[in-house]
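Engineer: Could you have a look at this structure, given as C-alpha cells, before my questions?
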Protein chains: 2
Amino acid sequence: MILYCATSNPGKLREFREAASGGWEIEPLPKLREIPPPEENGTTFEENAILKARYYAAFAREVPVYAEDSGLEVDSLGGAPGVYSARFSGPDATDAANNQLLLDRLAGKTDRVARYVAVIALVLPDGSIRSFRGTVEGEILREPRGSGGFGYDPLFFYPPFGCTFAEVSREQKLTVSHRGRAAASMMDFLNAARLPLDPK
Amino acid sequence: MILYCATSNPGKLREFREAASGGWEIEPLPKLREIPPPEENGTTFEENAILKARYYAAFAREVPVYAEDSGLEVDSLGGAPGVYSARFSGPDATDAANNQLLLDRLAGKTDRVARYVAVIALVLPDGSIRSFRGTVEGEILREPRGSGGFGYDPLFFYPPFGCTFAEVSREQKLTVSHRGRAAASMMDFLNAARLPLDPK
C-alpha cells in the first residue's frame, strides 16, 4: 500500500522510508517538483504541516485516471472476438494463439471486413466520466505480415496504407489507429477543458 | 500535468504517450500490478472501459498523502529558529549558513538546551486529517561535529548517545529522532487503522 510523502528533501524521504512498517511503501508525491510550493505561513509546526498536507493532497486527488478497452470486430464472425479479443483463445491467450484462432475461424470465408475499436473512459477530478471512441476499418489477411505492433496487427490489413498495422512505424499507425483516434479525442477534450491545476 | 493510465500493457502505454499533447504526461497508475484486476464482465467496450476506469480511479483517490514540518527550538532563543529553521539565515539558506547563524546567536550563552520537533499531517482518503508529533531533547555544541544527517545535526548533541546526530548512523538516529518518533506514531496509527485497500 502506498503513502504519498510531500517532501522534496531526499534526507527526509530516506528517513521516512526506513521508518515505514506494516507493508506501507513511502513514495514521493508524483511530480512534486512541478507543483508550486504553498506559502508556509503557519506559526506552528502543526499549522505548516497541515497546510502542506492539504495543499498537496488536493493535487494528488485531482489527477485524472483513465482506462481503455479495445478489440477487433470481424463482420463475418458476428462482431467476434469483440470484447473477448485479448482472451479469444483462452485465459492464457497469447497474440500468436489469438491470431491463429482468428485465421481458423475465418477459413474459407471471403468476407474479411473487420474494424479495430478502442474506448477510453476518463474519470475526472469531480468523479464524472467521459468516454472517447476510436475505430479503424480494415481486412483480415490469410496469413500474418510484419513484426511491429501487437494484438491482431500482423493480420490487420489497412487499405489506405496498402499493408498491415505490423508493417508500419508506431508513429504511422497512431495517426489512423483506433487507439490513436480515441486518445486524440481525449487530448482534445482535456486541452479544451483546461482543468484547473490549482487545487480547491 | 499528469494523467494516470490504468494499463499494464507496455504497447498501449507507449502509444498513449506518443498521442499525448498539450503538456499532459501519461503515467501508469502507481503500483498498478499490486491492485487485483477487476472482472471485465461488460458486454461492450464502453462498459469494460468505464468499469476499469472507475475501479482504478477509486484506488488512486485512496492513497493517503502526508507532509511534515520540523525544526529546532532553542530555549535561550525563545524557541527560535522554530518554524523558520530551514530558512533561518534567509531564503537561500544552506545547512552551513544556518548552523553558523545559530552559533553566532548563542555566542556567550551557557543555556544550550534545544529540542528537535517534527509534526506529520496525514490526509486520509475521506479527507480527514491526523497529525503526529515527535520531539527529542539535546544541547547545542559550540562547534559542529560529524558529517552525517542534515539540518542542525552536527550541532545537536544528544546526551544518551554522547555524540551529535551527525555522528551516528541513520538507523541509530531514527530510533530516537523527532522525525523517527513522529513517523513511528503515524505507522502505528495506519497499521491499526487497516484502511481498506478495496475501493468503495
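The values are calculated or read from the model by the stated rules, or taken from the named source; none is laboratory data. These numbers come from a predicted model, not from an experiment. For neighbour counting, all protein chains shown are included, and Cβ atoms are generated from backbone atoms with ideal geometry for every residue, glycine included. These accessible areas exclude ligands, DNA and RNA; they are computed on the full protein's heavy atoms, side chains included. Shrake-Rupley method; radii C 1.70, N 1.55, O 1.52, S 1.80 Å.
Engineer: Summing Lys, Arg as +1 and Asp, Glu as -1, what charge do residues with Cβ under 13 Å from the Cβ of residue B:150 carry, residue B:150 excluded? Don't skip to the end; give the middle numbers.
Structural biologist: Values: positive: A:12, A:14, B:170, B:173, B:179; negative: A:15, B:95, B:153.
For residues surrounding residue B:150, the net value is +2.
Engineer: May I pose another question? If you take the square roots of the eigenvalues of the alpha-carbon gyration tensor of the range B:1-91 and sort them as a ≥ b ≥ c, do you get rounded (a/c under 1.5), prolate (a/b over b/c) or oblate? Walk me through the intermediate numbers first.
Structural biologist: On the way: a/c = 4.69, a/b = 2.60, b/c = 1.80.
Prolate, since a/c reaches 1.5 and a/b exceeds b/c.
Engineer: Taking a probe of 1.4 angstrom, what is the accessible area of residue B:185 in Å², to the nearest 10?
Structural biologist: Looks like 50 Å² after rounding.
Engineer: Now for a separate question. Put the label 7 Å from Cα along Cα→Cβ for residue B:162; what are its distances to the other copies, in nanometres, shortest first?
Structural biologist: Label-point separations across copies, in nm and ascending: 8.6.
Engineer: Dipole size in debye (nearest 20) for chain A around its Cα centre, Lys and Arg Cβ +1, Asp and Glu Cβ -1?
Structural biologist: On the way: 23 positive and 27 negative charges, 51 e Å.
Computed about the Cα centre, the dipole is about 240 debye.
Engineer: Right, something else. Just add up the charged neighbours of residue A:82: K/R +1, D/E -1, any other residue whose Cβ is under 13 Å from the Cβ of residue A:82. Working shown, then result.
Structural biologist: Values: positive: A:87, A:105, A:115; negative: A:69, A:73, A:75, B:40, B:46, B:47.
That works out to -3.
Engineer: For A:13-20, what's the mean count of beta carbons from other chains sitting within 10 Å of each residue's beta carbon? Don't skip to the end; give the middle numbers.
Structural biologist: On the way: counts 0, 3, 12, 10, 1, 6, 11, 5.
Taking all residues of A:13-20 together, the mean is 6.
Engineer: Which listed residue (A:45, A:21, A:76) has the Cα farthest towards the positive end of the charge dipole for the range A:2-193, taking +1 on Lys and Arg C-beta and -1 on Asp and Glu C-beta about the Cα centre?
Structural biologist: Checking the options against the dipole of the range A:2-193, the answer is A:76.
Engineer: May I pose another question? Treating only the Cβ atoms of Lys and Arg (+1) and Asp and Glu (-1) as charged, compute the dipole magnitude of the protein assembly as shown about its Cα centre; round to the nearest 20 debye. Kindly include the intermediate steps, with their values, before the conclusion.
Structural biologist: Details: 46 positive and 54 negative charges, 1 e Å.
It works out to roughly 0 debye.
Engineer: Counting only residues 5 or more places away or on other chains, whose amide H sits under 5 Å from the amide H of residue B:79 once H atoms are built in the peptide plane?
Structural biologist: Hits under the 5 Å cutoff: B:74.
Engineer: So, one more: Within 10 Å of each Cβ of B:69-78, how many other protein chain Cβ atoms are there on average?
Structural biologist: Working: counts 12, 5, 2, 0, 1, 0, 0, 0, 0, 0.
The mean count of partner-chain Cβ atoms within 10 Å per residue comes to 2.
Engineer: Find the centroid of the Cα atoms in the range A:1-58 and in the range A:121-135, then give the distance between the two in whole Å.
Structural biologist: The distance from the Cα centre of the range A:1-58 to that of the range A:121-135 comes to 29 Å.
Engineer: How many lysine pairs does the protein assembly as shown hold where the Cα atoms are under 20 Å apart and the two sit 8 or more places apart or on different chains?
Structural biologist: For the protein assembly as shown, qualifying lysine pairs total 13.
Engineer: While we're here: Using a basic spin-label model with each label point 7 Å from the Cα along Cα→Cβ, how many nm lie between residue B:33 and residue A:18?
Structural biologist: About 2.8 nm separates the two model spin labels.
Engineer: Next question, about the same structure. What's the minimum Cβ distance from chain A to the axis relating it to B, in whole Å, and which residue gives it?
Structural biologist: A:61, 3
Engineer: Still on this structure, please answer the following. What is the average number of partner chain Cβ atoms found within 10 Å of a Cβ in B:36-43? Spell out each step's value before the answer.
Structural biologist: Details: counts 0, 0, 1, 0, 6, 1, 3, 2.
That works out to 2 on average.
Engineer: Now a separate question. Note the distances from residue B:11 to each other copy's matching label point, with points 7 Å along the Cα-to-beta-carbon direction, in nm, sorted shortest first.
Structural biologist: Computed spacing set for this position: 4.9 nm.
Engineer: Sticking to Cα atoms, compute the Rg of chain B to one decimal and its Dmax as the biggest Cα-Cα distance, whole number, in Å.
Structural biologist: Using the Cα atoms of chain B, the pair Rg, Dmax is 23.7, 80 Å.
Engineer: For a bin width of 10 Å, list the pair-distance distribution of the protein assembly as shown built from all Cα-Cα distances, rounded to whole %.
Structural biologist: Using 10 Å bins, I get a P(r) of 5, 20, 23, 17, 14, 11, 7, 3, 1, 0 for the protein assembly as shown.
Engineer: Estimate the FRET efficiency between residue A:142 and residue A:191 by the formula 1/(1 + (r/R0)^6), using the beta-carbon distance for r and 35 Å for R0, to the nearest 0.05. Display every interim value, and only then the final one.
Structural biologist: Numbers: r = 42 Å, r/R0 = 1.20.
The pair residue A:142/residue A:191 has a calculated efficiency of 0.25.
Engineer: Same structure again: Can you give the accessible area of residue A:62, probe radius 1.4 Å, in Å² rounded to 10?
Structural biologist: Roughly 30 Å² of residue A:62 is accessible to a 1.4 Å probe.
Engineer: In addition: For the range B:114-200, list log₁₀ I(q)/I(0) at each q in 0.12, 0.14, 0.16 Å⁻¹, using the Debye formula over Cα point scatterers of equal strength and ignoring solvent, two decimals each.
Structural biologist: Taking Cα atoms of the range B:114-200 as identical point scatterers yields -0.45, -0.56, -0.66.
Engineer: Pick out which of B:129, B:26, B:120 has the largest mean-square fluctuation in a Gaussian network model of chain B, springs linking Cα atoms closer than 10 Å.
Structural biologist: Result for chain B, Cα springs under 10 Å: B:26 fluctuates most.
Engineer: Now a separate question. Would you look at the GNM of chain A, springs on alpha carbons closer than 10 Å, and say which of A:133, A:14, A:112 moves the most?
Structural biologist: With Cα springs under 10 Å in chain A, the top fluctuation among A:133, A:14, A:112 is at A:14.
Engineer: While we're looking at this one, here's another question. Could you put A:131, A:147 in order of accessible surface area, largest first, with the 1.4 Å probe and the full protein assembly present? Don't skip to the end; give the middle numbers.
Structural biologist: Working: A:131 60, A:147 115 Å².
Ranked from most to least accessible, the order is A:147, A:131.
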